[in-house]
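Q: Have a look at the structure that comes next, please.
Every number in this text was worked out from the coordinates using simple rules, so none of it is lab data. Everything numeric in this text was worked out from a predicted model, so none of it was measured. Cβ coordinates were reconstructed from backbone atoms using ideal geometry, including for glycine residues, and neighbour counts include every protein chain displayed.
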Amino acid sequence: MFLQAIRTGTLKKGTSLSAVLAEHSDIEQGDILVVSSKACAVTEGHAIDLSQLAVSPEAEQWAKRCGRSPAFRQAVLNETRRMHGTVIGSCPKAMLCELKPDGLEEGTIFAVNAGLDTSNVEKGYAVGWPKDPVATVSKLRRDLESETGKRIAVILTDSCCRPRRLGVTAFALTVCGIEPLLSQIGRKDIFGHELTMTHEAIADQLATAANFLMGNADQSVPAVLIRDHGLSLTDFCGWVPGIAREEDLFRGLF
């Protein structure tokens with residue numbers, strides 16, 4: 001499998017992300033583009049001006065507990081409510097939010113600070129996910145195919161943390177053009193044992209591979225091109241499905 005970082009200049013509100021990505025890469029038929037959700041949010045104009053927020057006493061308390069400014073904590077609370085979520089845990093630097101965004105039919109999403117961060121955005125602002133990640137990934141794929149004349153797939157990603165593990169990886173929010181999961185149930189292992197619960201998290205695995213090249217600092221790599229992946233393109237376009245709370249291995253731990 002071949003992965004290539006797509007390095008760009010600073011992205012701003014109003015930048016045509018599809019045009020920039022097409023200009024800085026050589027997209028071929030069947031390629032998968034893994035794209036930062038925050039890059040999409042910035043170009044769509046969804047960065048949050050923290051100075052414009054009315055700070056609540058609840059946000060003040062969260063700032064004392066978890067750090068950062070009360071305005072940032074207010075932005076986290078606002079995003080959590082917008083995505084029908086709750087704050088289910090915290091540590092000295094972050095709030096853990098369980099979110100149920102519009103259109104996510106199966107499961108919920110755990111996101112640090114409701115997906116918000118203050119890195120790679122102008123001072124005084126916070127940026128998270130696009131307002132409608134399904135519409136974003138669908139439009140980006142459509143625009144890139146129009147720009148290049150090639151049939152491709154697009155994965156919208158964000159970095160994430162894992163229980164009891166230090167460091168960030170990444171996960172796929174929405175996908176357009178490939179199946180995000182591959183069931184292995186019913187297949188046999190090398191000793192003939194039948195698998196009973198395994199699903200390959202295809203989109204998440206590709207997201208993490210791409211995130212290694214994207215980085216989270218000043219790399220200016222908002223997207224990664226993946227080629228020779230062996231996957232078939234499909235008509236799937238939507239949120240990566242999750243699982244119900246009662247089926248979750250980590251239920252009751254948060």
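Q: Provide the per-residue ³J(HN,Hα) series for the stretch 93-110, in order, calculated from phi with Karplus coefficients 6.51, -1.76, 1.60 and θ = phi - 60°, each as a whole number of Hz, with x at glycine and proline positions.
A: Result, rounded to whole Hz: 10, 7, 10, 9, 10, 9, 10, 10, x, 3, x, 7, 8, 10, x, 9, 10, 8.
Q: Can you give the net charge of the other residues whose Cβ lies under 13 Å from the Cβ of Met1, counting K and R as +1 and D and E as -1? Provide the component values of the computation, followed by the final result.
A: Working: positive: Arg227; negative: Asp31, Asp228.
For residues surrounding Met1, the net value is -1.
Q: Most mobile of Thr196, Thr234, Thr174 per a Gaussian network model of the chain (Cα springs, under 10 Å)?
A: Thr196
Q: List, in order, the whole-Hz ³J(HN,Hα) value for each residue of the stretch 148-153 obtained from phi through the Karplus relation with A = 6.51, B = -1.76, C = 1.60 and θ = phi - 60°; use x for Gly and Pro.
A: 9, x, 10, 8, 9, 10
Q: Below 13 angstrom from the Cβ of Ile155, what's the summed charge of the other residues (Lys, Arg +1; Asp, Glu -1)? Show your work: numbers first, answer last.
A: Working: positive: Arg141; negative: Asp31, Asp158, Glu179, Asp204.
Surrounding charge for Ile155 is -3.
Q: Pop a pseudo-label 7 angstrom from the Cα along the beta-carbon direction at both Leu182 and Ala94 and give the gap in nm to one decimal.
A: Distance between label points: 2.8 nm.
Q: For a quick check, take a GNM of the chain with Cα springs below 10 Å and name the residue from Asp228, Asp31, Asp204 with the largest mean-square fluctuation.
A: Answer for the Gaussian network model of the chain: Asp228.
Q: On a C-alpha basis, how far is the centre of the stretch 197-254 from the centre of the stretch 56-111 in Å? Whole number, if you could?
A: 22 Å
Q: Right, next: For Val240, enumerate residues with amide H under 5 Å from its amide H, sequence gap 5+ or separate chain, H modeled in the peptide plane.
A: Thr174, Val175
Q: Moving on to the next point. Springs between alpha-carbon pairs under 10 angstrom, Gaussian network model over the chain: which of Ala111, Ala210, Ala223 fluctuates most?
A: Comparing Ala111, Ala210, Ala223 in a Gaussian network model of the chain, the most mobile one is Ala111.
Q: If you don't mind, there's one more thing I want to ask. Using the count of nearby Cβ atoms within 10 Å as a rough guide to exposure, how do Asp117, Asp158 rank from fewest to most?
A: On the way: Asp117 16, Asp158 23.
Result, fewest neighbours first: Asp117, Asp158.
Q: Continuing with the same structure: Return a whole-number percent for the relative contact order of the chain, with Cα pairs under 8 Å and 6 or more residues apart as the contact set. Please list the in-between numbers first.
A: Values: 504 pairs, mean separation 68.2, N = 254.
Reported as a whole number, the value is 27 percent.
Q: When the label point is put 7 Å from the Cα of His84 along its Cα-to-beta-carbon vector, which residues of the stretch 220-254 have a backbone N closer than 20 Å?
A: 237-248
Q: Right, here's the next one. Find the cysteines in the chain that fail to meet the 4.7 Å Cβ criterion with every other cysteine, and list them.
A: By the Cβ distance rule, which asks for a partner under 4.7 Å, the isolated cysteines are Cys40, Cys66, Cys91, Cys97, Cys160, Cys161.
Q: Which percent of the Cα-Cα distances in the chain go past 27 Å? Could you put the intermediate results ahead of the total?
A: Values: 12195 of 32131 pairs.
So the portion of pairs separated by more than 27 Å is 38 percent.
Q: Enumerate the amide H contacts of His199 below 5 Å, restricted to partners 5 or more residues apart or on another chain; note that Pro and chain-start residues carry no placed amide H.
A: Excluding prolines and chain starts, which carry no amide H, the hits are Gln184.
Q: If you take every residue apart from Leu182 with its C-beta less than 13 Å away from the C-beta of Leu182, what net charge results, scoring Lys and Arg +1 and Asp and Glu -1?
A: That works out to -2.
Q: Can you put Val224, Val87 in order, fewest other beta carbons within 10 Å first?
A: Details: Val224 25, Val87 18.
In increasing order of surrounding Cβ atoms, one gets Val87, Val224.
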